[in-house]
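The values are calculated or read from the model by the stated rules, or taken from the named source; none is laboratory data. These numbers come from a predicted model, not from an experiment. As a convention, Cβ positions derive from the backbone with ideal geometry for all residues, glycine included, and neighbour counts pool all protein chains shown. Side chains are part of the model used for accessible areas, which takes the heavy atoms of the whole protein and leaves out ligands, DNA and RNA. Shrake-Rupley method; radii C 1.70, N 1.55, O 1.52, S 1.80 Å.
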Amino acid sequence: NRQYFMEHAVSHIPYEFICRIGELSSGSLGTDIMTGFRIAEIMLQEAREYIWILSDQILTGTVPIIIDKVKGGVDFRFVFPENLVPPPGVKPAPGGQRRTLPKVEAVILMTEKEAIFCLPDLNGKIDYAPMIGKDPKFHKWCKDLYLYYWEKAKPAPSPHQALRKTI
């Protein structure tokens with residue numbers, strides 16, 4: 001996956017994770033954005049224990065899946081930028097834990113089985129054609145990076161409070 005890292009910005013990732021970047025070598029590259037979105041939907045549908053997301057956007061097609069999973073007891077965590085405004089007509093999924101960061105410069109979507117990781121291109125725009133992995137090293141790297149950002153993030157207002165701010 002050397003070419004991927006030559007075409008994507010890693011400078012915003014903490015040095016300790018850049019040093020461990022080889023742990024992602026077992027991951028496969030998604031061919032395009034739509035395939036990446038479909039893989040994300042399937043991952044969420046198959047989640048039994050947890051769904052953790054770090055993203056600068058809301059993947060609207062996954063909201064109903066997340067709502068069902070949270071009702072079924074799946075742990076849901078979402079880290080997003082402080083200034084994120086939901087797309088028109090989209091209400092944040094109730095339940096789960098939410099935190100915010102001033103800026104989100106990578107995407108991690110993970111369940112107990114699999115992880116997706118996306119970086120920005122060299123122009124700073126996140127490339128949603130993901131790296132995907134089920135390998136334990138790949139999964140642990142993504143989980144460790146997610147928890148790093150989770151600890152740095154601040155608790156977000158409840159979805160109800162956040163929605164009132166956008167109206």
Original post:
Taking the Cβ of Ala129 as the center, what net charge do the other residues with Cβ under 14 Å away carry, scoring Lys and Arg +1 and Asp and Glu -1?
Top reply: -2
Original post:
Once every DSSP H run of n ≥ 4 in the chain is given -39500 (n - 2.57) and the sum is divided by its residues, what mean residue ellipticity at 222 nm do you get, rounded to the nearest 500 deg cm²/dmol?
Top reply: -10000 deg cm²/dmol
Original post:
Whole-Hz Karplus ³J(HN,Hα) for the range 121-136, in order, using 6.51 cos²θ - 1.76 cosθ + 1.60 and θ = phi - 60°, x for Gly and Pro?
Top reply: 6, 5, 8, x, 9, 5, 9, 7, 7, x, 8, 10, x, 10, 4, x
Original post:
Which lysines have a Cα lying under 24 Å from the Cα of Lys143, excluding residues fewer than 8 positions away in the same chain?
Top reply: Lys69, Lys71, Lys103, Lys113, Lys125, Lys134, Lys152, Lys154
**OP:** Give the Cα extents of the chain along the principal axes, in whole Å, largest first.
**Re:** 44, 31, 29
Subject >> Residue-normalised accessible area of the range 51-167, expressed per residue, 1.4 Å probe, Å² >> reply: 51
Subject >> Rounded to whole Hz, the Karplus (6.51, -1.76, 1.60) HN-Hα couplings of the range 24-32, x for glycine and proline >> reply: 8, 4, 7, x, 9, 8, x, 7, 7
Subject >> Using θ = phi - 60° and Karplus 6.51 cos²θ - 1.76 cosθ + 1.60, couplings along the range 63-77 (whole Hz; Gly, Pro as x) >> reply: 4, x, 5, 5, 4, 4, 5, 5, 4, x, x, 6, 5, 10, 10
Original post:
Mind checking which aspartates and glutamates have their C-alpha under 20 Å from Lys140, skipping anything on the same chain fewer than 8 residues away?
Top reply: Glu16, Glu23, Glu46, Glu49, Asp75, Glu105, Glu112, Glu114, Glu151
**OP:** Could you list which residues have their amide H under 5 Å from that of Asp75, counting only those 5 or more apart in sequence or on another chain, with H placed in the peptide plane?
**Re:** Tyr50, Ile51
